[in-house]
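The values are calculated or read from the model by the stated rules, or taken from the named source; none is laboratory data. Computed from a predicted structure; not experimentally measured. Counting neighbours? That spans all protein chains shown, and the Cβs are built from the backbone with ideal geometry, glycine included. These accessible areas exclude ligands, DNA and RNA; they are computed on the full protein's heavy atoms, side chains included. Shrake-Rupley method; radii C 1.70, N 1.55, O 1.52, S 1.80 Å.
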Amino acid sequence: MKYLLAAAMAAVAFVVALPADEATLTPRPAYKTREVTVASPWVVVHYTRTGPDHPRFMKDDNHNGVPNYIEKLAAAANKAWLWYAHNGFKGPLADSAGPDAKLDIYVKALPAGVFGITLPTTIAKGGSFMVIDNQLDMAHLAVHGSLQQTVAHELFHEFQLSYMPDGRIPHWAAEGSALAMQTYVYPQVVDAATFSYLDTWLNQPWRSLYDESNGCVHCYGGALFWRFLFGLGNHVVSEYFGRLYGYELVHKPIELGLRPLDEILRKRTNGSLYSAFGRFSYDIYRAGYKPATRYKLTAAPSIATTPTRTVHGLSTHYIPIAMPRDAKGIGVGVAAATGPSPEVKLVVGGPKGRVIEGVLRQKGKLQYFVSNFRSPNERKHVMLIVMSGRQIGTAYKVAYQSL
């Protein structure tokens, strides 16, 4: 059977597969020189001391015959395993390929730019396994991909597969949540690749969170959203994967996975995906992340109106509004042009500033904000945030003026 390989750009790869016949299952990696194994509490690491796949860093500080690279890899996997289990995630499925039921991790020379690979049970002979590149960065300031965070990332895919053994998790959710979890397990590691993904999302917050184009690069940066969801508590993320399993069990279409996520948020947070995404978008600005602006407005005493704009599903427009020096206040109206109304916030005074409460008119189709400025800083920093927390986007217009 054919299978689809979703390879990450300059990071990790997660294979999503259709069921395979025994004869077409992907075999375990083989080495050209003698294979060595190191057992640990939760994983078995396979590597070789010579040949093209041996770890590029063979230093052995404690002289126990195991390179530092292998010891750090095993330690990273065991630490991540315990962290995920402690936070309510279901453990990986037992391995049947030997030497025991522990998860197998193979150290290999992977193609340039690929740091790790996880294969699901449906195409991996003997059960799911991981492959980690043989020359990742062991330092806390990682330039060439962090060994610790890559291992934590791939291991989280293994935890995901305990819910969905066939790997049919929406790719944007699988990669965004895995990147988020690796930063929770190793917050002290500064990985250039990780920050590059986060910057990619921050540079284009107007793209849908579930936009999987161009190697799903935007999905990885969506880790910021999954960090937000995990921070809500109540096992939102782990229960989401459980809900996906429930959908598959009763043959209910998962599609983008947004409906089961909305169901879990309503169950666990007394909110919804719509309200959660709105809070997330505001929190990104308030935290000082500096998301890119979609466009800019300059207010004047006379009312001005923008052309119709569209905010896509699960995306955000950050719109700064420049005010005249003598402006005493501001008036803004946001009207739905077609479809549902977007969620809107008007913030004055910078990221830590005041949120101006809006008034709904025309049965919720118009949101109107009026306020006097309380300080020169409020006049200097005005940000309009327009969001769509639904799968579908919405068209809107903005009317604005200085007072």
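Scan region 320-335 for residues that are in contact with a strand residue (DSSP E or B) (Cβ under 8 Å, 6 or more places away or on another chain) and either surrounded by fewer than 22 Cβ atoms within 10 Å (Cβ to Cβ) or farther than 19 Å from VAL359 by Cβ (or both) and jot them down.
Within region 320-335, the first condition is being in contact with a strand residue (DSSP E or B) (Cβ under 8 Å, 6 or more places away or on another chain), and the residues that meet it are 320-324, 327-335.
PRO320, ILE321, ALA322, MET323, PRO324, ALA327, LYS328, GLY329, GLY331, GLY333, ALA335, listed by residue number.
If you check THR200, THR194, which single one turns out to be assigned to a helix (DSSP H, G or I), touching a residue at least 24 places away in the same chain (Cβ under 8 Å) and under 12 Å from the mean Cα position of the chain (by Cα)? Steps first, answer last, please.
Values: THR200 fails: touching a residue at least 24 places away in the same chain (Cβ under 8 Å).
Of the residues listed, the single one that is assigned to a helix (DSSP H, G or I), touching a residue at least 24 places away in the same chain (Cβ under 8 Å) and under 12 Å from the mean Cα position of the chain (by Cα) is THR194.
Does GLN401 qualify as being open to solvent by 20 Å² or more (accessible area, probe 1.4 Å), farther than 16 Å from TYR282 by Cα and at pLDDT 95 or above? First the steps, then the outcome.
Details: open to solvent by 20 Å² or more (accessible area, probe 1.4 Å): yes; farther than 16 Å from TYR282 by Cα: yes; at pLDDT 95 or above: yes.
Yes: the conditions hold for GLN401.
Taking only pairs six or more apart or across chains, which ones have beta-carbon atoms under 6 Å, a first residue in region 60-88 that is more than 17 Å from VAL44 (Cβ to Cβ), and a second residue that is of a type in the set (Lys, Arg)?
ASN68/LYS59
Any idea which of (1) among the aromatic types (Phe, Trp, Tyr); (2) surrounded by fewer than 19 Cβ atoms within 10 Å (Cβ to Cβ); (3) more than 30 Å from ALA139 (Cβ to Cβ) is the one TYR210 doesn't satisfy?
With respect to (1) among the aromatic types (Phe, Trp, Tyr); (2) surrounded by fewer than 19 Cβ atoms within 10 Å (Cβ to Cβ); (3) more than 30 Å from ALA139 (Cβ to Cβ), TYR210 is out only on (2).
Counting residues that are within 24 Å of ASN372 (Cα to Cα), which strands (runs of 3 or more DSSP E) fully inside region 281-347 reach at least 3?
On the way: elements: 309-311, 315-322, 329-338.
Output list reads 315-322, 329-338.
Taking the residues in region 70-108 that are of a type in the set (A, V, I, L, M) and in contact with a strand residue (DSSP E or B) (Cβ under 7 Å, 6 or more places away or on another chain) as candidates, determine which candidate is farthest from MET58 (Cα to Cα).
The initial filter retains those residues of region 70-108 that are of a type in the set (A, V, I, L, M), namely 70, 73-77, 80, 82, 85, 93-94, 97, 101, 103, 105, 107.
Still in the running and in contact with a strand residue (DSSP E or B) (Cβ under 7 Å, 6 or more places away or on another chain): 70, 73-74, 77, 97, 103, 105, 107.
Details: ILE70: 9, LEU73: 13, ALA74: 15, ALA77: 19, ALA97: 27, LEU103: 23, ILE105: 18, VAL107: 13 Å.
Among those residues, the one meeting the criterion is ALA97.
Please count how many residues of region 66-115 are within 24 Å of TYR184 (Cβ to Cβ) and among the polar types (S, T, N, Q).
2
State which residue is surrounded by the fewest Cβ atoms within 10 Å (Cβ to Cβ) when the search covers only region 268-314 and only residues that are touching a residue at least 40 places away in the same chain (Cβ under 8 Å) and at positive phi.
Looking at the filtered set, the residue picked out is GLY288.
Considering each residue of region 38-57, count those that are out of contact with any Phe, Trp or Tyr (no Cβ under 7 Å at 6 or more places or on another chain), open to solvent by 70 Å² or more (accessible area, probe 1.4 Å) and either among the hydroxyl-bearing types (Ser, Thr, Tyr) or assigned to a loop (DSSP other than H, G, I, E, B) (or both), and give that number.
Counting residues in region 38-57 that are out of contact with any Phe, Trp or Tyr (no Cβ under 7 Å at 6 or more places or on another chain), open to solvent by 70 Å² or more (accessible area, probe 1.4 Å) and either among the hydroxyl-bearing types (Ser, Thr, Tyr) or assigned to a loop (DSSP other than H, G, I, E, B) (or both) gives 4.
Any residue in region 89-105 that is over 19 Å from LYS79 (Cβ atoms) sitting within a Cβ distance under 8 Å of a residue that is assigned to a strand (DSSP E or B) and not small (Gly, Ala, Ser)? List the pairs, counting only those 6 or more apart or interchain.
Pairs that qualify, where the first residue is over 19 Å from LYS79 (Cβ atoms) and the partner is assigned to a strand (DSSP E or B) and not small (Gly, Ala, Ser), are ASP95/LEU103; ASP95/ASP104; ASP95/PHE129; ALA97/ASP104; ALA97/PHE129; PRO99/THR37; PRO99/VAL44; ASP100/VAL44.
Six or more apart or on different chains, Cβ under 7 Å: which pairs go from a residue in region 320-334 that's more than 10 Å from GLN401 (Cβ to Cβ) to one that's polar (S, T, N, Q) and open to solvent by 30 Å² or more (accessible area, probe 1.4 Å)? Could you list them?
Partner pairs satisfying both residue conditions: PRO320/THR293; ALA322/THR298; LYS328/ASN372.
From the list ASN68, ASN62, which one is surrounded by fewer than 19 Cβ atoms within 10 Å (Cβ to Cβ) and touching a Lys or Arg at 6+ places or on another chain (Cβ under 6 Å)?
On the way: ASN62 fails: touching a Lys or Arg at 6+ places or on another chain (Cβ under 6 Å).
Residue meeting the stated conditions: ASN68.
Just checking, which of LEU360, LEU384 is in contact (Cβ under 8 Å) with a residue 12 or more places away in the chain, hydrophobic (A, V, I, L, M, F, W, C) and in contact with a strand residue (DSSP E or B) (Cβ under 7 Å, 6 or more places away or on another chain)?
Numbers: LEU360 fails: in contact (Cβ under 8 Å) with a residue 12 or more places away in the chain.
Within the list LEU360, LEU384, the selection yields LEU384.
Do we have VAL190 as more than 25 Å from TYR318 (Cβ to Cβ) and open to solvent by 30 Å² or more (accessible area, probe 1.4 Å) here? I'd like the intermediate steps shown before the answer.
Details: more than 25 Å from TYR318 (Cβ to Cβ): yes; open to solvent by 30 Å² or more (accessible area, probe 1.4 Å): yes.
In short, yes.
So how many residues does region 336-358 have that are modelled with pLDDT under 95 and open to solvent by less than 30 Å² (accessible area, probe 1.4 Å)?
3
Give the residue, chosen from TYR69, TYR106, that is touching a Leu at 6+ places or on another chain (Cβ under 8 Å) and of a type outside the set (A, V, I, L, M, F, W, C).
Values: TYR106 fails: touching a Leu at 6+ places or on another chain (Cβ under 8 Å).
None of the others qualify; the one that does is TYR69.
Of the numbered conditions (1) under 20 Å from SER388 (Cα atoms); (2) at pLDDT 95 or above, CYS219 fails exactly one; give the number of that condition.
(2)
Could you list, in sequence order, all residues of region 116-148 that are in a loop (DSSP other than H, G, I, E, B) and over 20 Å from ALA192 (Cβ atoms)?
Applying the first criterion (in a loop (DSSP other than H, G, I, E, B)) to region 116-148 yields 120-123, 125-128, 134-136, 138-140, 143-145.
PRO120, THR121, THR122, ILE123, LYS125, GLY126, GLY127, SER128, listed by residue number.
Suppose we keep only residues that are without any contact (Cβ under 8 Å) to a residue 60 or more places away in the chain and in a loop (DSSP other than H, G, I, E, B) within region 226-242. Which one would you say is surrounded by the most Cβ atoms within 10 Å (Cβ to Cβ)?
The residue in question is LEU232.
I'd like to know if region 385-396 contains one or more residues that are loosely packed, with under 14 Cβ neighbours inside 10 Å and touching a Pro at 6+ places or on another chain (Cβ under 9 Å). Give the steps one after another, and end with the answer.
Here is the first cut: in region 385-396, the ones loosely packed, with under 14 Cβ neighbours inside 10 Å are 392.
Filter once more, so that each one left must be touching a Pro at 6+ places or on another chain (Cβ under 9 Å): 392.
Yes, there is a match, as at least one residue in region 385-396 is loosely packed, with under 14 Cβ neighbours inside 10 Å and touching a Pro at 6+ places or on another chain (Cβ under 9 Å).
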